[in-house]
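I have placed the structure first, in the form of structure tokens, so that the comments after it can refer back to it.
Every number in this text was worked out from the coordinates using simple rules, so none of it is lab data. Everything numeric here is computed off the predicted structure, so don't read it as measured data. Positions of Cβ are generated from backbone atoms using ideal geometry, with glycine treated the same way; all protein chains shown enter the neighbour counts.
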Amino acid sequence: MPDVHDRVVALARRQDDMITRSQARGLGLSDGAIAARRRAHGWHTPIRGTLVIPPVRDRVRAHARAALAAAGGTVCLLTAARLHGLPGLPPQGTTEPVDVAFPGGAAFRGRRGCRRHCMELTPGETTDLAGIEATTAHRTLQDIILRLDRAISVPMLDALLHLGWPNGRGTSGAALGAVRPSPDFVDLKEAVLRRNDAGEGPPGITRLWDLVDGRAGTPLESRVRLALAEAGLEPEAVRWAPPGPATGRAGERVHLAWPSAGLAVQTYELAAPPARERQTAHRSRLQAQLADLGMSTLWLTWSDLHDPNHLASRIRRRLASSGR
């Protein structure tokens with residue numbers, strides 16, 4: 001017969017590695033035993049009143065479960081987007097709270113790790129994601145566009161357009177030129193504009209869609225393009241193909257380029273070994289090809305976006321010193 005510890009762990013495993021303190025106590029685990037396991041076995045409390053038991057298979061699901069168990073509501077916005085697996089999202093921070101929607105008049109007790117949003121939802125705008133109530137993908141997308149910073153929404157829309165959302169078939173020619181939106185993408189835009197016309201979100205949200213390009217291959221690439229565009233530094237070319245034998249290979253294209261000034265901007269996320277060696281070889285090959293054309297290359301990572309103004313200043317200095 002399983003002991004108390006085994007019963008507690010078994011229940012947590014059925015709940016995405018999360019259990020409430022009251023559930024643990026109900027199974028016979030004392031507060032002292034819980035404290036001992038927190039010290040010795042890494043049990044932790046993402047939201048007061050809950051426990052997450054390693055190994056955690058899916059951090060987003062575990063913390064979303066904890067938020068709903070502790071406070072109720074419906075998972076929404078960025079957390080819902082991660083649960084749905086929507087593309088183009090920024091890396092998840094270690095302290096990122098769970099976004100939870102409540103009706104406007106609902107009572108709510110604030111808890112660290114849980115971010116409340118007043119939101120009226122109809123039954124058709126929520127769904128059950130294997131035991132977690134969340135806003136549907138379509139409603140989640142609308143809310144992100146209307147409520148969150150465009151540094152989050154534009155890369156997400158770029159990725160959706162690039163991938164041919166929602167069917168994930170990809171978009172032929174996405175790296176080469178303009179991307180044609182799918183009917184579902186057009187429906188999303190129209191739904192957002194209707195809600196914006198009714199007073200939701202910031203005024204003039206139509207301008208946001210002018211920033212969506214669809215050619216970026218990664219959220220980082222999209223974020224860099226957006227930061228520079230907002231600073232008045234629109235590149236002369238996006239996904240530019242340098243002259244030479246590698247022109248036809250999308251992987252060899254320059255993410256952002258000012259050919260007249262001899263400047264290429266590439267983004268990259270450090271890969272894990274052994275892919276890191278291939279990544280380094282690719283960078284060296286492309287940089288050598290561009291150097292042969294008289295171009296300098298600026299390599300950017302997520303850390304360069306910590307200060308967008310400094311990034312824009314670096315680009316301006318490079319362009320001003322080109323002498324072309």
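Brief remarks on what is shown
- Here the simple spin-label model places points 7 Å from the Cα toward Cβ, and for Ala130 and Leu293 these points are separated by 4.4 nm.
- Going from the fewest other Cβ atoms within 10 Å to the most, the residues Ser22, Ser222 appear in the order Ser22, Ser222.
- Projection of the Cα convex hull of the chain, averaged over all directions and equal to a quarter of that hull's surface, yields 20.8 nm².
- Dipole magnitude (debye, nearest 20) for the stretch 58-215, charges at Cβ of Lys, Arg, Asp, Glu: 440
- Note on Thr94, Thr74, Thr126: ascending count of other Cβ atoms within 10 Å places them as Thr94, Thr126, Thr74, the fewest first.
- Distance from the C-alpha centroid of the stretch 50-75 to that of the stretch 193-210: 33 Å, rounded to the whole angstrom.
- Residues considered: Ile144, Ile47, Ile205. Largest GNM mean-square fluctuation over the chain, using C-alpha springs under 10 Å, is found at Ile205.
- Using C-alpha pairs under 8 Å with a sequence gap of at least 6, the mean separation divided by the residue count of the chain gives a relative contact order of 11 percent.
- Among Val224, Val238, Ala67 the positive-end extreme of the charge dipole of the chain (Cβ point charges): Ala67
- Reported to the nearest whole Å, the Cα centre-to-centre distance from the stretch 280-324 to the stretch 86-101 is 29.
- The stretch 58-215: translational diffusion in µm²/s, Stokes-Einstein, Kirkwood Rh over Cα pairs, 37 °C, 0.692 mPa s: 201
- When the Gaussian network model of the chain links Cα atoms closer than 10 Å, the mean-square fluctuations of Ser303, Ser260, Ser30 top out at Ser303.
- Here the dipole of the chain is about 840 debye; that uses its Cα centre as origin and unit charges on the Cβ of Lys and Arg (positive) and Asp and Glu (negative).
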